[in-house]
Amino acid sequence: MIDSHPRYQQVATAARCIHDGFLEYNRAFREITARAGRRFEERDWKGQMADIGARVELYELWARRTVETLHEALGDDLAGRPFWAEVRDCFGRRVEAVPDAGFMKTFFNSITRRVFGTRGVDAAVEFVQPPPEEGIESLTMRRYPCWNDLDQTCRRVLEDFRFDRPYVAMAGDAEGMATTIREQIGPDQADAECLRFEFIDSHFFQGTRAYLVGRMRLSDGIRPIVVALRNDDEGIAVDAVLLTADQVGVVFSYTRSYYFADPTSVVAAVQFLHGLLPDKPIDELYTVLGRLRQGKTERYRQLMHHLDRTDDAFVHAAGDAGLVMIVFTLPSFNLVFKIMRDVFRPPKTTTQEDVHQSYRLVSRHDHAGRLIDTQFFRNLELPRDRFSEALVEELRCEAPRTVAINGGQLVFGHAYVERRVRPLNLYIREVDETEAKRVILDYGRCLKDLAETNIFAGDLLLKNFGVTSSGRVVFYDYDEVMRVSDCSFFELPEPDEDFPLMEHATTRFVGAHDIFPEEFIRFLAMPAFLRQTFLSEHSDLLTAEYWRDVKRRRVAGEVAEIVPYVRQSIAPHQIAL
């Protein structure tokens, strides 16, 4: 398009509206992110948790406002793909080579999809190619040469990343950091082997912790280094130093809450982290940094690229069929797709809107390392010829309001997409007794971690939980998720002759959120030796008293510390707001 085109002013107006809309979204995003430092210093954990939800809502808010602004500015001229192709070109030329330009192009695509109700991808009006990668050099780093004195270098790092609230014992923390590094590298050579520390020029805040994220340049290569900081009654202190890819990978897991961080370039920060964690998908790194829409875009892009290079078919996911969702997967790609049935089978009494609300609750909540991050797609298109006939038949029979065929594509009006894990009920049959006992105990800890973050899973069947590649038990079926604080927990009443408690088909007039924990034992469909193992450590989960205590503490505003690493300095404790 040439700038003298008769419609150029309208084209430029549309492009500017979208650009301004993105800038307003990004300003609000960074404003909320910037509050995290003050939240950490003031130990305002409740405020930080509220900010998680507020920040998640921003993208939809500003996308909707931007479309409204476009309608006001252009009226009927808003429609028409030739016009929008010109808008895309005008927009693209203006943002080219700008840091994080890919975010702006993703926002542009979001606007066109709302204007046209796009199914799949519309290459005529959208940016479809991935943006050029930004070099790591666009990421501002703080560098600390090591002069054969790790204690002194660690002290400089802590001094440089200080807060208004003082460290409890900075010299001791620096010594502890240096000791941990020496233990990892070797006590005799670590001071000489460490050439330089390089940290991203931003604190990373998550839950009750702040992190310094960087790498160590050694004589023989590069290693990650992440320093976890706590803030308790006495002040700020180093809580752990993580020096392996496995340790750091857990901190940046898809089961963790989104970080509050403000690096100079998010794209470059993702590349930096990917260099330290090459097995971690790029889309998950964007997501864990709070850029959910860019993570979703990258996940879709990777899926399409994978489909072009493979020929296996989508099939039913492993595990028991769900009463609410039809779940399928591509064996060669580590995702599952969840499509809601038009009608839920008994005994489910929830509605489709109830289920959507449950998933929204999880998206705004602390994941605590126990909830898989889920992405919601509208009008998702996948090639029809890549689906097994049995799966297509079920989709057409059970979800005709959601699933349609458009040429050679299956179109899903809405779909939830998340990482694939091995269902717990299958996993315990496939491993030896020692491992089965370990994961059953972790299943109990999973329930307790969720409870401490005010989440009641609702359906406790093992089939609704899974085991990650690192062996951690997580929850992934959010159909009946509730807040613990919204539930009422009761002991089962004693039966009598007039009203036998457990008689089949007996009607109970109880509320939807009335819970009888003694009944949980019926959900523990596991071999006797595993049930005994579970009860040896987690029998309190079957008592109303345990759950009422959890609820009392949640209602009082008490926040539990659930950290994604082995703590090196203090024992686990509660933080009161």
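Some notes on this structure:
- Inside segment 297-348, residues that are free of Cβ contacts under 8 Å to residues at least 60 places away in the same chain and of a type in the set (Ser, Thr, Tyr) make up a count of 2.
- Ile575 meets the conditions (1) touching a strand residue (DSSP E or B) at 6+ places or on another chain (Cβ under 6 Å); (2) modelled with pLDDT of 95 or more in every case but one. The failed one is (2).
- The condition of being charged (D, E, K, R) and more than 16 Å from Asn464 (Cα to Cα) holds for only one of Arg345, Arg370, that being Arg345.
- Hey, Arg360 farther than 22 Å from Leu462 by Cβ, modelled with pLDDT under 95 and either in contact with a strand residue (DSSP E or B) (Cβ under 9 Å, 6 or more places away or on another chain) or assigned to a loop (DSSP other than H, G, I, E, B) (or both) or not: yes
- Residue check for Arg65: among the basic types (Lys, Arg), modelled with pLDDT of 95 or more and crowded, with 16+ Cβ neighbours inside 10 Å: no
- Selection over segment 83-98 of residues that are outside any helix (DSSP H, G or I) and crowded, with 16+ Cβ neighbours inside 10 Å gives a count of 0.
- Taking residues in segment 527-552 that are without any contact (Cβ under 8 Å) to a residue 24 or more places away in the chain, and partners anywhere that are part of a helix (DSSP H, G or I) and buried (at least 16 other Cβ atoms within 10 Å of the Cβ), the pairs with Cβ atoms closer than 7 Å and at least 6 places apart or on different chains are Asp540/Tyr546.
- Sole exception among (1) out of contact with any helix residue (DSSP H, G or I) (no Cβ under 6 Å at 6 or more places or on another chain); (2) among the hydrophobic types (A, V, I, L, M, F, W, C); (3) modelled with pLDDT of 85 or more; (4) in a loop (DSSP other than H, G, I, E, B) for Leu492, by number: (1)
- For Val125: the one exception among (1) closer than 30 Å to Leu243 by Cβ; (2) touching a Lys or Arg at 6+ places or on another chain (Cβ under 7 Å); (3) buried (at least 21 other Cβ atoms within 10 Å of the Cβ); (4) not basic (Lys, Arg): (1)
- Matching residues in segment 181-219 - criterion: being polar (S, T, N, Q) and surrounded by fewer than 20 Cβ atoms within 10 Å (Cβ to Cβ): Gln184, Gln189, Ser219
- Only listed residue being more than 16 Å from Gly319 (Cα to Cα) and not assigned by TED's automatic domain parsing to the domain that holds Gln375, chosen from Cys397, Cys446: Cys446
- Selection of segment 36-48 for residues being touching a strand residue (DSSP E or B) at 6+ places or on another chain (Cβ under 8 Å) and either without any contact (Cβ under 8 Å) to a residue 60 or more places away in the chain or part of a helix (DSSP H, G or I) (or both) yields Ala36, Gly37, Arg39, Phe40, Glu41, Trp45, Lys46, Gln48.
- Every residue from segment 515-553 that is over 16 Å from Thr434 (Cα atoms) and outside any helix (DSSP H, G or I): Ile515, Phe516, Leu524, Ala525, Thr543
Okay, residues lined up against (1) among the charged types (D, E, K, R); (2) over 26 Å from Val362 (Cα atoms); (3) in contact with a strand residue (DSSP E or B) (Cβ under 6 Å, 6 or more places away or on another chain):
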| site | (1), (2), (3) |
| --- | --- |
| Leu23 | no, yes, no |
| Asn26 | no, no, no |
| Thr33 | no, no, yes |
| Asp51 | yes, no, no |
| Cys90 | no, yes, no |
| Arg94 | yes, yes, no |
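The values are calculated or read from the model by the stated rules, or taken from the named source; none is laboratory data. Values in this document were obtained by computation on a predicted structure and should not be read as measured data. No Cβ is skipped: glycine too gets one built from the backbone with ideal geometry, and neighbour counts run over all protein chains shown.
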